Protein chains: 2
Amino acid sequence: MPRDGTITRTRILDATLALAMEKGLAATSLDEIIAKTGITKGAFFYHFKNKNELAITLVKRFAEQDHEIYKTATARVETLSRDPLQQVLLLCGLGAELFKEVPENPGCLMASYCYQGDLWSEEARQVCEVALKEWADWIEAKLKQAAKKTPPAVPVDLRQVSEMFQVIFEGAFILARTYNQPDIIARQVLAYRDMLEALLKPAAKPRRKASSRRD
Amino acid sequence: MPRDGTITRTRILDATLALAMEKGLAATSLDEIIAKTGITKGAFFYHFKNKNELAITLVKRFAEQDHEIYKTATARVETLSRDPLQQVLLLCGLGAELFKEVPENPGCLMASYCYQGDLWSEEARQVCEVALKEWADWIEAKLKQAAKKTPPAVPVDLRQVSEMFQVIFEGAFILARTYNQPDIIARQVLAYRDMLEALLKPAAKPRRKASSRRD
DNA sequence: TTATTTATACCGACTAGTTGGTATAACATG
DNA sequence: CATGTTATACCAACTAGTCGGTATAAATAA
């Protein structure tokens, strides 16, 4: 076996992700990608048959990493609490924590693709849809359990409330960039958490466990 | 004065907006723009000195139109109700109504620019920031009035809750595109409205609101 | 052992077409 | 006419993608 090509391949993907987050993949030329990776045209086209295949590969990897985060995060909150509402609230807390330490260019590759038609193939769309829906499905199940115990004071579509979890992230990324203020992401997720709590927590029953609350 | 160039100018902007929403401005060539407008290169460069100036002009127009919507919408809800919370809830209702009839490519030009670094100049950023903040400012003022009358059951950052209005829209645009399901925009705004109501509306039963939270 | 084969990994000059942008002449209208 | 508006022709730089060739290292064979 010759030199290990997967290293180069990974470096291409990493470089491309960084550039895509910074300026969008559509506006990123292959020359920039190979320059940042430190390889040549030939090497690039050995690993990817064209730019579009690179785009698909990149978003698939992004979705896989998202899936890993989903699995570990949900598993973790399910061990931290037995109450479904608390589990969701904790998940929000974890999400906020993830964006406490601010990444260089906070954003979502899927959202980036959304607004760049060339990359938004049906294949990429489906990958993203699946990746997003698993979060909403999990949250919805939890919220419905919670609502059974303590029905919300106003009639509300719990599916939408669940999908709002993703909506908050995607929207917050955009505001973070527009305001040049990355901490808005964590703040928004926490605000969403608090609104969830107001919507679904038991009214005045003294059976409340002390949950540590950040300041 | 000879022929009226403002017509051509407007047609250029309209064509560009449509293309930018569909595939992103970075991936849209001037040739496509002039083809869609039905003019030639010469006419284009008479009206705009380069592509970047077109981008700035377009986002400024977008922000102006947004400002008009803001003015009429807030004025309208302020006549429809005297209660600040109801005004905000009505504003959400209006927002949902706007996206009931689905536009061809639901989305926000500002968000599109966000993810395409070339266009995201500091000038464009500031235009967007101002446009977005006036909504949040108005909502925040209303929610603070409402919270004075009926404090929320959980401690919550009302500034974040106000900015969430924009966050919901921006995030919902992305989910609408990802799910290929444009009605998610209206649904999300309505879910946000319902959560607002749960957070701030006077309790049906005039019970005591002892929010004793020891941290 | 050593020579040969084979498959993977990579290089960099090249091409055909596209890009944003310019130069300049023609046209319209007061 | 003069000024504002549009058209044609063109360019230099850049684009994605190709192609012939090279380097590496393991497997095989002498």
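The values are calculated or read from the model by the stated rules, or taken from the named source; none is laboratory data. Note that the structure is a prediction, hence the values are computed from the model and not measured. Cβ coordinates were reconstructed from backbone atoms using ideal geometry, including for glycine residues, and neighbour counts include every protein chain displayed. Please note that ligands, DNA and RNA were not included when accessible areas were found on the heavy atoms of the full protein model with its side chains. Shrake-Rupley method; radii C 1.70, N 1.55, O 1.52, S 1.80 Å.
Look at A:Asp157 and say whether it is at pLDDT 95 or above and surrounded by 21 or more Cβ atoms within 10 Å (Cβ to Cβ). Spell out how you get there, then give the answer.
On the way: at pLDDT 95 or above: yes; surrounded by 21 or more Cβ atoms within 10 Å (Cβ to Cβ): no.
For A:Asp157, the condition - at pLDDT 95 or above and surrounded by 21 or more Cβ atoms within 10 Å (Cβ to Cβ) - is not met.
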Practice problem: Restrict the check to segment A:109-116 and report whether at least one residue is in contact (Cβ under 8 Å) with a residue 60 or more places away in the chain and open to solvent by 20 Å² or more (accessible area, probe 1.4 Å). | Solution: no
Quiz prompt | Only listed residue being under 17 Å from the mean Cα position of the chain (by Cα) and open to solvent by less than 10 Å² (accessible area, probe 1.4 Å), chosen from B:Leu91, B:Leu25, B:Leu98, B:Leu54 | solution = B:Leu91
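From A:Thr72, A:Thr37, A:Thr79, which residue is away from chain B (no Cβ under 14 Å) and within 16 Å of DNA strand C (Cβ to nearest atom)?
Details: A:Thr72 fails: within 16 Å of DNA strand C (Cβ to nearest atom); A:Thr79 fails: within 16 Å of DNA strand C (Cβ to nearest atom).
After ruling out the rest, the residue left standing is A:Thr37.
The rows are residues; the columns are (1) within 13 Å of DNA strand D (Cβ to nearest atom); (2) polar (S, T, N, Q); (3) under 20 Å from A:Lys133 (Cα atoms).
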{"position": "A:Leu13", "(1), (2), (3)": "no, no, no"}
{"position": "A:Lys23", "(1), (2), (3)": "yes, no, no"}
{"position": "A:Leu30", "(1), (2), (3)": "yes, no, no"}
{"position": "A:Ile34", "(1), (2), (3)": "yes, no, no"}
{"position": "A:Phe48", "(1), (2), (3)": "yes, no, no"}
{"position": "A:Val59", "(1), (2), (3)": "no, no, yes"}
{"position": "A:Thr79", "(1), (2), (3)": "no, yes, no"}
{"position": "A:Pro84", "(1), (2), (3)": "no, no, yes"}
{"position": "A:Leu90", "(1), (2), (3)": "no, no, yes"}
Quiz item: When you scan segment B:151-200, how many residues do you find that are farther than 19 Å from A:Pro155 by Cβ and either of a type in the set (Ser, Thr, Tyr) or not assigned by TED's automatic domain parsing to the domain that holds B:Gln86 (or both)?
Solution: 3
Quiz item: Going through segment B:137-175 one residue at a time, which ones are more than 9 Å from chain A (Cβ to nearest Cβ) and among the small types (Gly, Ala, Ser)?
Solution: B:Ala141, B:Ala146, B:Ala147, B:Ser162
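Inside segment B:58-150, counting only helices (runs of 4 or more DSSP H) that do not spill past its ends, which hold 2 or more residues that are farther than 22 Å from B:Ala18 by Cβ, of a type outside the set (A, V, I, L, M, F, W, C) and at pLDDT below 95?
Values: elements: B:84-98, B:109-114, B:122-149.
In segment B:58-150, the matching helices (runs of 4 or more DSSP H) lie at B:122-149.
Open to solvent by less than 70 Å² (accessible area, probe 1.4 Å) and part of a loop (DSSP other than H, G, I, E, B): is that true of B:Ile39 in this structure?
Working: open to solvent by less than 70 Å² (accessible area, probe 1.4 Å): yes; part of a loop (DSSP other than H, G, I, E, B): yes.
When the stated conditions are applied, B:Ile39 passes them.
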